[in-house]
Amino acid sequence: TEASLQAQLEQLNERARWYSAQLWQLPFAFLAVTGVAIGGLDRLSSPALGSAFLAAFVIGVFVFLHMQGIHDGERRAVQNLQKVENSLGLDRTAEDPGYATPFGWLILMTTIAYLAIGVWLIAKR
């Protein structure tokens, strides 16, 4: 029915917005938390500091993978929005960006840097 399609349209729109917000909030949270945490460890020995960088690397991998899942969820929400808009005879307003957020690449590059720095610090002894 049209009422259920309208309700579905509202829910899908809210979900797509939530996913979009997460795609830019999560990277900043990751960078802030790891930056503050590692910055507070500057008095540790090289191997201990290297271990902190490796821990940040592991967390970064999980954050990157989670962001990929969020992007997939956003894509599915937009596709379903388009189907509902079509069913209601509305003009298509929902557009799939078709690309992963540039912040995903920032997380990936930062995570690789954490790995390199961690390995270098541990090997430095």
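Here are the numbers for the structure shown:
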item	result
Selected from 8, 114, 69, residue furthest toward positive end of dipole (the chain; charges at beta carbon)	114
Dipole in debye (nearest 20) - segment 20-125, about Cα centre, beta carbon charges: Lys, Arg +1; Asp, Glu -1	500
Under 5 Å, built H, 5+ apart or other chain: amide partners of residue 94	none
Computed over the chain: relative contact order in percent, which uses C-alpha pairs under 8 Å that are six or more apart	43
14 Å beta-carbon shell around residue 8, net charge (K/R +1, D/E -1)	-1
Helix 2-39 vs. the chain, principal-axis angle (Cα, 0 to 90°, nearest 10)	10
MRE, 222 nm, helices only [DSSP H, n ≥ 4, -39500 (n - 2.57), over the chain, to nearest 500]	-30000 deg cm²/dmol
Selection from 103, 22, 32 lying farthest towards where the dipole of the chain points positive, charges on Cβ	32
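Bear in mind these aren't lab numbers, they're just calculated from the coordinates by the rules spelled out. Being a predicted model, the structure only gives us computed values, none of them experimental. Cβ atoms come from the backbone with ideal geometry, glycine included; neighbour counts cover every protein chain shown.
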